[in-house]
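The values are calculated or read from the model by the stated rules, or taken from the named source; none is laboratory data. As the structure is a computational prediction, the values presented were derived from the model and not from experiment. FYI the Cβ positions are ideal-geometry reconstructions off the backbone, even for glycines, and counts take in every protein chain you see.
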Amino acid sequence: MQKKVSLLFLGVILTSLLACEGNFREVQKSVFSEFNPSGDADSIAIKYTDSGRIKSILESPKMLDYATVKYPFTEFPKGVRVTLYDEKGTPTYVTAKYGVSFKDTDLIDLRGNVKITNTAGQVFETEQLYFDQKNEWFFTEKRYKFSDPKGVSYGEGVDFSKDLKIINSQRVSGELDKTE
């Protein structure tokens with residue numbers, strides 16, 4: 001009698017485990033399908049305009065758009081290059097090995113050899129940088145290097161305008177020549 005009860009119990013457990021495995025696979029499929037991109041593009045170049053004037057150009061070898069997830073975002077897994085233009089049409093160039101743009105917050109997270117250059121000869125370098133598109137403002141808490149024709153400075157934590165004209169540093173060291 002005890003063998004029959006043990007076999008019956010073992011059968012119930014096996015059946016439960018198989019049912020759970022089937023449910024687990026369904027959950028895996030639903031989670032996986034939720035994070036499939038709704039858009040996928042290679043070699044993109046997008047121009048953003050305002051009143052007939054180009055404000056920026058975004059270029060990337062690969063773009064994945066996750067517009068249908070709860071918190072929509074666009075990913076640039078193979079790098080991104082952005083050219084920002086001021087009111088006079090002067091460009092500022094931004095490059096990174098990876099980027100992600102969050103649609104609800106208008107924040108862009110740039111990572112991996114992030115570099116900003118402009119026609120004034122200024123160069124900003126860091127490993128991670130955020131860009132607030134609404135306010136046209138960059139910020140990071142990471143270490144950075146800022147090179148200018150007047151000198152070089154290093155620091156940790158900074159925020160600045162997209163044209164590098166206004167810079168608020170938290171911890172900075174280096175030498176800059178203030179003569180004009």
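Residue-level analysis places Thr68 outside the set of residues that are under 21 Å from Thr49 (Cβ atoms), among the β-branched types (Val, Ile, Thr), out of contact with any His (no Cβ under 9 Å at 6 or more places or on another chain) and in the same structural domain as Val123 (by TED's automatic domain parsing).
Asp42 meets all of the listed conditions (1) acidic (Asp, Glu); (2) more than 22 Å from the chain's Cα centre (by Cα); (3) modelled with pLDDT of 90 or more but one, namely (2). Selection of strands (runs of 3 or more DSSP E) fully inside the stretch 60-141 by the criterion of at least 1 residues being surrounded by fewer than 18 Cβ atoms within 10 Å (Cβ to Cβ) returns 80-85, 91-96, 98-102, 107-118, 123-132.
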